Structures are given as C-alpha cells and as structure tokens.
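Q: Got a structure here, written out as structure tokens. Questions coming.
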Amino acid sequence: MNRNGPIVIIEDDSDDQEILIEVFKKLNYSNEIIFFLESEEALNYLNRTDISPFLILSDINMPKLDGFALRNKIYTDSQLKLKCIPYLFFSTASTQKAVIDAYSMSVQGFFVKQNSMAELEKTIQVIMEYWTRCVAPNDV
C-alpha cells in the first residue's frame, strides 16, 4: 500500500465525480484523484503503471464490467495482487446479497454513498484515516 499514491475512483456518474472532487478538496488530502468512467479503463491503468495506488473506490453498477468483476480480475491477477491496493466498494447498491458477495471476494470495505455532503465527508474522512493508520506490507 502506497499512502502517497493516487486514489483510483471508478464512477460513471459525473455528478458523483464532481461531489467527490469537492469532498477531497475540502478535506485537504494531497493524494491525486484519478477517475475512471469504466472498470476496464481502470484495469488497463493498473496493469500499465508502476505506481501503486493508495486506494480503489469502486461503484458496483458499472457498464460492461461491474465492480464485482473488476474486483475479481484484480484479486486473481498475481501482479496486481502484489501491489496490496485496498479495494472498497462505494455504491448506492447496498443489498444484503451485494454486501455478502463483496466480503466473500475479500473486499476491504463496503460503503454506501451518503445523500448529504456532511455525511459523505465523514465517510471519506473515516476511510482515509483508517487506511492511513493501517499497517501495510511495505511498513514492516
């Protein structure tokens, strides 16, 4: 895990992207934010870069390759798995089945997109605080 690496956000809704940009700016995190509209674009980026992102925040309901399929591709790719990138779902789809499926795929977190800006800020702050404090393989 690279605490100074970019945060990869896979989100196809431009309004949600704008809100997340605003939240990260307000919370003053220095990590670069890289958005992808499609999961396949994110997968291509992860495969072609030597940079290890800090986190991946992924929506579930994506065109072509959904968040579950993307997680599976990353988790089963030996090169990407070695990067130890925390993979978190950030979605409006919070059915019990979706949550069970996510955790059974070893997802490191499942968060529901909040409706209020204050709650969204709190959620992002908790995510960032937790992963910043978490011990990573390159720390030991």
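What follows draws every value from the coordinates through simple rules; no lab data is involved. Fair warning: this is a prediction, and the values are worked out from it, not measured in the lab. Using ideal geometry, Cβ is built from the backbone for each residue, glycine included, and neighbour counts are taken over all protein chains shown.
Q: So which residues in segment 1-58 are of a type in the set (D, E, K, R) and surrounded by 19 or more Cβ atoms within 10 Å (Cβ to Cβ), if there are any at all? Before you say what the answer is, go through the steps one by one.
A: Restricting attention to segment 1-58, the residues satisfying the condition of being of a type in the set (D, E, K, R) are 3, 11-13, 15-16, 18, 22, 25-26, 32, 38, 40-41, 48, 50.
Passing the criteria: only E11.
Q: Here's another thing I want to ask about it. Out of segment 53-108, which residues are aromatic (F, W, Y) and out of contact with any strand residue (DSSP E or B) (no Cβ under 8 Å at 6 or more places or on another chain)?
A: Let us first name the residues in segment 53-108 that are aromatic (F, W, Y), namely 54, 68, 75, 87, 89-90, 103.
Within segment 53-108, F68 is the sole residue that qualifies.
Q: Return the residues of segment 125-140 that are in contact (Cβ under 8 Å) with a residue 24 or more places away in the chain, within 20 Å of C84 (Cα to Cα) and surrounded by 12 or more Cβ atoms within 10 Å (Cβ to Cβ); say none if nothing qualifies.
A: I127, M128, W131, T132, C134, A136 - these are the residues of segment 125-140 that are in contact (Cβ under 8 Å) with a residue 24 or more places away in the chain, within 20 Å of C84 (Cα to Cα) and surrounded by 12 or more Cβ atoms within 10 Å (Cβ to Cβ).
Q: Would you mention how many residues in segment 108-124 are over 16 Å from N31 (Cβ atoms) and either touching a helix residue (DSSP H, G or I) at 6+ places or on another chain (Cβ under 6 Å) or touching a residue at least 60 places away in the same chain (Cβ under 8 Å) (or both)?
A: Within segment 108-124, residues that are over 16 Å from N31 (Cβ atoms) and either touching a helix residue (DSSP H, G or I) at 6+ places or on another chain (Cβ under 6 Å) or touching a residue at least 60 places away in the same chain (Cβ under 8 Å) (or both) number 6.
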